[in-house]
Structures are given as C-alpha cells and as structure tokens.
Amino acid sequence: MRTIEGSVAAPAARVAIIVARFNHFINDSLVTGAVDALKRIGQVKDDNISVIWVPGAYEIPLAAQAAAKSGKYDGVVALGTVIRGSTAHFDFVAGESSSGLLGTSLAFDIPVGFGILTTENLEQSIERAGTKAGNKGSEAALTVLEMLNVLKAIKE
Ligand code: INI
C-alpha cells in the first residue's frame, strides 16, 4: 500500500498571493498570516513571494488565471473578504470568486488556496483574520504548500 501525504515545507515554491483591496482592513491581516505561514512554517524564501492587489474579490480569479498562465508561480493564495449585505451582490461576488478560482486551479494544474472570507458580518470576518477563529490567510497558504507536495508525490 502506498500512502501519499504532503508536508508543508516547500522552500523552492514560488507563490503569488492575490488579495482584494475591498475590505482591506481585514485583508491586510490575511496577508500577514499568509506571508508568516509561507516563510516561518513553509520555509518559502521572501524573494519567491509576490503580493498582487486587485480591486475586489470578484477580480481575484482573473488575476489568479494570469498568474497561473505566466508560469512564474507554482501556487496561488487568494485572499479577500465578502460580507453579506441586504442585496444579492454577496452571492454573485462570493460565488463567482470561488468558482472562478476552482476553474483556474483545474485548468492550469496549479494549487489555489481559497482564503476568501464569506461572512454574515464584520465580527465574523475579524474572528477569521487572526483572532479567535484563527487566520484563514495562513490556512490557505499552508494548503497551497501541502497541495504542491501532494501533486509532486503523485507524479513521482
Ligand atoms: N468585493 C469584495 O471583495 N468584498 C465585498 O464584500 C464586496 N461587496 O460586498 O460589494 C465586493 N464588491 C466589489 C467587487 O468585488 C468588484 O470589485 C466590483 O463589483 C467591480 O467589479
């Protein structure tokens, strides 16, 4: 029996963090968490990390696709915050971001960490950006590194 389990150390990985400016007050903490996890836990070199800002979560998939297509990155970490309001806007922004990112991941064979918070209110977002419910930016970053190692092991 062969068991494949990825570790999270990936010192040579080249990672693009794509982050929305909308709700940047929350997203700044997601970036901090992601960079910390990549460097401190994943041992990724500072020079191998790019942080790419886009207007909102809706624009993240297009930038992720461009990053994947460029061949300059091994993985993408998508960070943003979509907070439910009283209109259907939330569903479109959150839904399209998530399906667009999955499409990019599958089309370009590249791990994409989904670190886009989709919450009911600001408090829930704060809780997931480095306070009592952890930091979803760190989780998304570590997921990308683990998937890089899993994919590598599958191909070996
Ligand atoms: N973008 C977000 O990242 N989060 C939100 O909560 C949000 N809301 O609620 O409107 C949001 N909207 C902007 C959207 O991502 C696009 O930038 C905009 O529609 C232009 O395409």
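The values are calculated or read from the model by the stated rules, or taken from the named source; none is laboratory data. Everything numeric in this text was worked out from a predicted model, so none of it was measured. Heads up, the Cβs are rebuilt from the backbone with ideal geometry, glycines too, and the neighbour counts pull from every protein chain shown.
Some notes on this structure:
- Output for region 74-89, where each listed residue is more than 13 Å from VAL51 (Cα to Cα), at pLDDT 85 or above and within 10 Å of the ligand (Cβ to nearest atom): THR81, VAL82, ILE83, ARG84
- Test: residue in region 37-59 that is free of Cβ contacts under 8 Å to residues at least 24 places away in the same chain, touching an Asp or Glu at 6+ places or on another chain (Cβ under 9 Å) and surrounded by fewer than 21 Cβ atoms within 10 Å (Cβ to Cβ): yes
- Looking only at region 37-69, and only at residues there that are in a strand (DSSP E or B) and not β-branched (Val, Ile, Thr), the one that is nearest to the ligand (Cβ to nearest atom): TRP53
- Selection over region 133-145 of residues that are away from the ligand (no atom under 16 Å from the Cβ) and within 13 Å of the chain's Cα centre (by Cα) gives a count of 8.
- For region 67-83, a residue qualifies if it is surrounded by fewer than 16 Cβ atoms within 10 Å (Cβ to Cβ) and either free of Cβ contacts under 8 Å to residues at least 24 places away in the same chain or over 25 Å from VAL8 (Cα atoms) (or both), and the qualifying residues are SER70, GLY71.
- Failed condition for SER29, given (1) within 16 Å of the ligand (Cβ to nearest atom); (2) farther than 20 Å from ASN121 by Cα: (2)
- From GLU127, GLU139, GLU96, GLU120, residue being more than 19 Å from LEU30 (Cα to Cα) and of a type in the set (D, E, K, R): GLU96
- Applying the criterion of being touching a helix residue (DSSP H, G or I) at 6+ places or on another chain (Cβ under 7 Å) and assigned to a helix (DSSP H, G or I) to the residues of region 127-142, the residue that is farthest from PRO55 (Cα to Cα) is LEU142.
- Scanning region 70-99 for residues that are of a type in the set (D, E, K, R) and not in a loop (DSSP other than H, G, I, E, B) returns ASP91, GLU96.
- Residue ID - farthest from the ligand (Cβ to nearest atom), chosen from residues in region 90-132 that are surrounded by 20 or more Cβ atoms within 10 Å (Cβ to Cβ) and small (Gly, Ala, Ser): SER105
- Filtered by the rule that a residue be of a type in the set (S, T, N, Q) and in a strand (DSSP E or B), region 100-123 gives THR118, THR119.
- Positions within region 17-26 being within 13 Å of the ligand (Cβ to nearest atom) and aliphatic (A, V, I, L, M), in sequence order: ILE18, VAL19, ALA20, ILE26
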